[in-house]
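Asker: Take a look at the following structure, please.
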Amino acid sequence: MVTFLRWIARLALVAVVGVVAAYWYGTRLPASPFDGVQAAAAMPLETGQYAARVADCVSCHSTHDGQPFAGGLEMDTPLGSIYDTNITPDPEHGIGNYMRISRSWKMREEECVMDVIDFSEAPQEVSRRRLADLPDRVVEGDPQHQSELHFTSPDGNLFAGSWTSTPGKWHAFTDKDEYCHIVSGRCALISEDGKRWEFGPGASFMIPNGFRGYWEVIETTTKHFVVRQH
Ligand code: HEC
């Protein structure tokens, strides 16, 4: 009986040691090239280290005889070979000066604080002008313009709004891309070589940079526009 109990005790000891060993083996931190590496970033280091270990970045971004993360491993794809990027902090060969990710995040942050621009709300700016006051623009009539600017991009090169013109004909701009949507009225674009496109309410069209010709407003026209300057 005593012998039997001894055997039970021995088995229990072996089981406990086995469980402890399995626990140690299963939860130990595997060796990594990150061991002892000091990071420069102020971000929580553990987060990046954890992600890099989980995703095993080093397995792809290293060759067997090269430095960890220095890239250069050839990967065959059906489209040909690609070589993994050097993702060490080296400013010249690695990604030490790599701005693309942070820049795109920054842009996304800026975009998030922009509101949608509703053209039915008050415009940023309203301007009126008699086109005949500009030299050499008017070809026929005395067209008067009212422009309501609803949006100007931070670099000033893209703007959008609404515009109304009384009848007349004038030289179109040549150095802009312009998308137009006609809200009311009747107008036409006429190229220098005589082609004519006539538009009424609901029509949309694009006047690409480089178009040479004329605007003709037949009946007072209101359009929404998006213009990109060059
Ligand atoms: C399965 C293999 C693999 C793993 C794992 C991997 N990468 Fe890559 N990575 C690549 C390849 C291949 C490229 C090059 C792609 C190319 O040139 O189009 C690359 C490119 C990159 C680039 C450059 C991207 C660019 O736009 O220039 C960075 C940065 C990068 N990896 C970081 C990481 C990080 C960080 C991890 C771990 C979280 C990781 N990679 C895990 C294969 C891998």
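Every read-out reported here was derived from the displayed coordinates using simple, explicitly stated rules and does not represent laboratory data. Keep in mind that this is a model prediction, so the values were computed, not measured. Note: ideal-geometry Cβ built from the backbone for every residue, glycine included; neighbour counts use all protein chains shown.
Asker: Between THR88 and residues 5 or more places away or on another chain, which pairs have amide H atoms under 5 Å apart, with H built 1.01 Å from N, and which residues are they?
Answerer: Amide H neighbours of THR88, under 5 Å, 5+ apart: ILE95.
Asker: What distance in nm separates the simple spin-label points at VAL17 and GLN229, each placed 7 Å from Cα in the Cβ direction?
Answerer: According to this spin-label approximation, the distance is 8.3 nm.
Asker: Of the residues VAL20, VAL116, VAL126, which exhibits the maximal mean-square fluctuation in a Gaussian network model of the chain defined by a 10 Å Cα contact cut-off?
Answerer: Ranking VAL20, VAL116, VAL126 by mean-square fluctuation puts VAL20 first.
Asker: Working out 0.36 nm times the residue gap between ALA188 and ASP142, then minus their Cα-Cα distance, what length gain in nm do you get to one decimal?
Answerer: Extra length available between ALA188 and ASP142 comes to 14.9 nm.
Asker: To continue, here is another question. Say R0 is 41 Å: what FRET efficiency, to the nearest 0.05, do SER81 and TYR179 get from their beta-carbon distance? Present the calculation step by step, with values, prior to reporting the outcome.
Answerer: On the way: r = 43 Å, r/R0 = 1.04.
The pair SER81/TYR179 has a calculated efficiency of 0.45.
Asker: Treating only the Cβ atoms of Lys and Arg (+1) and Asp and Glu (-1) as charged, compute the dipole magnitude of the chain about its Cα centre; round to the nearest 20 debye.
Answerer: On the way: 20 positive and 30 negative charges, 161 e Å.
Charge dipole of the chain: 780 debye, to the nearest 20.
Asker: Sorted from largest down, what three extents in whole angstroms do the Cα atoms of the chain have along their principal axes?
Answerer: Largest to smallest, the principal-axis extents are 119, 43, 37 Å.
Asker: Using 7 Å Cα-to-Cβ label points, what is the HIS93/ASP35 separation (nm, one decimal)?
Answerer: Computed distance between label sites HIS93 and ASP35 equals 2.4 nm.
Asker: Moving on to the next point. So what's the back-of-envelope 222 nm ellipticity for the chain, counting only DSSP H runs of four-plus at -39500 (n - 2.57) apiece and dividing by all residues, rounded to 500? Numbers along the way, then the final one.
Answerer: Details: 4 runs with 54 residues, N = 230.
The helix contribution divided over the chain gives -7500 deg cm²/dmol.
Asker: Ok, one more. Specify which residue in the list CYS180, PRO123, TYR83 is farthest towards the positive end of the charge dipole of the chain, using unit charges on the beta carbon of Lys, Arg (+1) and Asp, Glu (-1), about the Cα centre.
Answerer: TYR83
Asker: Would you mind giving the average projected area, over all directions, of the Cα convex hull of the range 125-229 in nm² with one decimal? List each step's numbers first, then the result.
Answerer: Details: hull surface 24.7 nm².
Average of the hull's projected areas for the range 125-229 equals 6.2 nm².
Asker: Jot down the per residue volume, in cubic angstrom and as a whole number, of the convex hull over the alpha-carbon atoms of the range 124-187.
Answerer: On the way: hull volume 6.8 nm³, N = 64.
Roughly 106 Å³ of hull volume per residue.
Asker: Select from GLU46, GLU92, GLU178 the residue whose mean-square fluctuation is largest in a Gaussian network model of the chain (Cα-Cα springs shorter than 10 Å).
Answerer: GLU46
Asker: Between PHE4, MET114, HIS145, whose Cα lies farthest towards the positive end of the dipole of the chain when Lys and Arg beta carbons carry +1 and Asp and Glu beta carbons carry -1, centred on the Cα centre?
Answerer: Result: PHE4.
Asker: Between the helical axis of 45-55 and the dominant principal axis of the chain, each derived from Cα atoms, what acute angle in degrees is found, rounded to the nearest 10?
Answerer: 80 degrees
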